[in-house]
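**Q** Got a structure for you, questions after.
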C-alpha cells in the first residue's frame, strides 16, 4: 500500500499532480485530512477514501491562491438563486458579493491549515462564510460596508465570548489573521 | 371569523423554519445547525406553538425547524408580536403567525443560534 503523502511529507522538489483513487485506504499521516480539505497540496477525503488530488507545490514556486472545485461550485449555485429563493422576500445574491467571496477564499487558501467554510446566502442578497470547530466559530458576512466579522470563543460554554471587526472589502489579505485565530486556539483576536 | 391578536407570554414557544440553504455543519461535522444568517431578518416570521406544531411550520424547502422561547428573544432587545394571517391573505390562514421584531446585529444572530433548539429535521423523527 502506498503511504498517503500530505503536503508536509511530500518531496518539495517538483510540481507533481498525483492521481487520486490509487491512494485510498492510506494512512492519514500528520493531519486529519477529513477536516482540512480543499487546499493545494492536500488530499481530498470522500467518505474515508481519497478520491481527488491536488498539486504539490515546489519550494521554488510561490504558492498560488487556489479555489477548490467544490467551493467554486457552491458559489455558482448561490449566484443562481433567484429573488424569493427562501419563499419570502429574499433577494438574489449580488455578483459583487460572490466575487468578493471568491477573492477571500483564494487568499485564505494560502493559510495552513486551510479548511473550506460553509457558504450561506443572506436574505438581503449577500452571503456569509462560516467555520465552526469545538472551541471557536468564525463568520465573515459580506455587507456593502465591508466584511462583518464575528469570532466566538466558546471554550467557556457558559459564557461564550464574542469578538467583532469590520474589514474593508478590498483588504482580503487582512482577513488572514482572523482565519489563523480560528484555527489556532492559542491566538488572541487580532486588533485592527 | 377573524383571528384575534393576543399577547404572547414569556414562556411561549416559537417555531422557526430553517431553509435548506441555512442548515450547515456544526463543530461536529456530522451534526447540522442553523446558520446565524437564518435569524437576520428584522421581522422574523415564526409560529406560536399554541396554534401550531414544528412539523406544521416546515415548508417543502425547510431542512429543519428550531424552537425559541419568547422571553429569551426579548432579553436582547426584540419584541415578539402575534400577527395572525387571516383567511384570504397571502400565506393565510395562519393563526399561529408571529414575528420577532428588532435590530439583529451579527452578534445578536449568533445568540439566536445558541438559544435555538432543533425540534424537527426533514426525514427524521422529531427530536
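Quick note: the coordinates plus some simple rules give every number you see, no bench work behind them. Here the structure is a predicted model, which means the values were calculated and not measured. We place every Cβ from the backbone using ideal geometry, glycine too, and count neighbours over all the protein chains shown.
**Q** Could you state the number of Å between the C-alpha centres of segment B:40-59 and segment B:62-127?
**A** Between the Cα centres of segment B:62-127 and segment B:40-59 lies a distance of 5 Å.
**Q** Could you work out how far apart the two model spin labels at residue B:50 and residue A:76 are, taking each label as a point 7 Å from the Cα in the direction of the beta carbon, and quote it in nm?
**A** A separation of 5.0 nm, rounded to one decimal place.
**Q** What average number of partner chain Cβ atoms lie no more than 10 Å from the Cβ of the residues making up A:106-118?
**A** Working: counts 0, 0, 0, 0, 0, 0, 0, 0, 0, 0, 0, 2, 9.
Per-residue shielding by partner chains comes out at 1.
**Q** Given N residues in segment A:69-183, what is Rg(Cα) / (2.2 N^0.38 Å)?
**A** 1.07
**Q** Using the number of other C-beta atoms within 10 angstrom as an exposure proxy, rank B:8, A:93 with the fewest first.
**A** Working: B:8 21, A:93 25.
Ranking B:8, A:93 by Cβ neighbours within 10 Å, fewest first, gives B:8, A:93.
**Q** Exposure proxy check: A:124, B:91 ranked by fewest other beta carbons within 10 Å?
**A** Working: A:124 17, B:91 10.
Fewest to most other Cβ atoms nearby, the residues stand as B:91, A:124.
**Q** In whole angstrom, and with the biggest value first, how far do the Cα coordinates of segment A:140-192 range along each principal axis?
**A** 35, 18, 15
**Q** Using only the alpha carbon atoms of segment B:13-121, find the Kirkwood hydrodynamic radius as the inverse mean reciprocal pair distance, in angstroms to one decimal. Each step should come with its number before you reach the end.
**A** Working: mean 1/r = 0.0715 Å⁻¹.
14.0 Å is the Kirkwood radius here.
**Q** Just rank A:147, A:85, fewest to most, by other beta-carbon atoms within 10 angstrom.
**A** A:85, A:147
**Q** Do me a favour and compute the ellipsoid semi-axes for segment A:66-115 from its Cα gyration tensor, root of five times each eigenvalue, largest one first, whole Å. Provide the component values of the computation, followed by the final result.
**A** Numbers: eigenvalues 130, 20, 15 Å².
Ellipsoid semi-axes (Å, largest first): 25, 10, 9.
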